[in-house]
1. Residue under question is Glu51, and the condition is that it be among the acidic types (Asp, Glu) and either at pLDDT 90 or above or in the same structural domain as Lys147 (by TED's automatic domain parsing) (or both); does it hold?
2. Across the stretch 148-184, which residue is surrounded by the fewest Cβ atoms within 10 Å (Cβ to Cβ) among those that are in contact (Cβ under 8 Å) with a residue 24 or more places away in the chain and closer than 30 Å to Lys60 by Cβ?
Amino acid sequence: MQENEDIQTLAAGLLLLSVTDAGPAPRKDVKSVEAPVIKVLDEEVKEYDGEVLKKLMENKLYQKYEEEYNKLYGPEIKKLKEEDQKYEEEYNKLYGPEIKELKEEDQKYEEEYNKLYGPEIKKLKEEDQKYEEEYNKLYGPEIKKLKEEDLKYEEEYNKLYQKYDEEYNKLYGPEVKELKEEDQKYEEEVLKNLAK
């Protein structure tokens, strides 16, 4: 059962690595009462991801897996990179002049567009600015009040979460420590068996 858990942990860690390499899509913060909660959760997720990655990179089993992976697939990956480079060079030879021509056409079009619509766009921007100023005069105080309420809510949430965290550590801290020690012993046993 412990072995299955280790395999699942390693698999989850590898999946996390692949997701981290790509990077999650940026998310705009929600401007509502939920914003402080989302902010806290985001920070917790980042912290958790960081800890998992750190633990995974320090894990001797993972290091051994990485070495084996590089032995098996390193030459193939190198070959694919060389092929990609050759393809890119060929592509640039074939389409480079055409791409350059298209960029020049785009630039000309942009210049013409600015001549025709530049004054109108400028006028619209000025109108938008006036509207924004009026909006801020009317709703600025209310928005400020809501932000202050959000800040208070966030402070209260943090206090409650901290209290919960403390209670959790009191109740489960010793058990968690014991489980970690068992995991460490199991890992040492696995490494011993691998070394044989």
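The values are calculated or read from the model by the stated rules, or taken from the named source; none is laboratory data. Predicted, not measured: the structure shown is a model, and the values here were computed from it. Glycine gets a Cβ as well: all are built from the backbone with ideal geometry, and neighbour counts include every protein chain shown.
1. no
2. Ranking the qualifying residues of the stretch 148-184, first place goes to Glu182.
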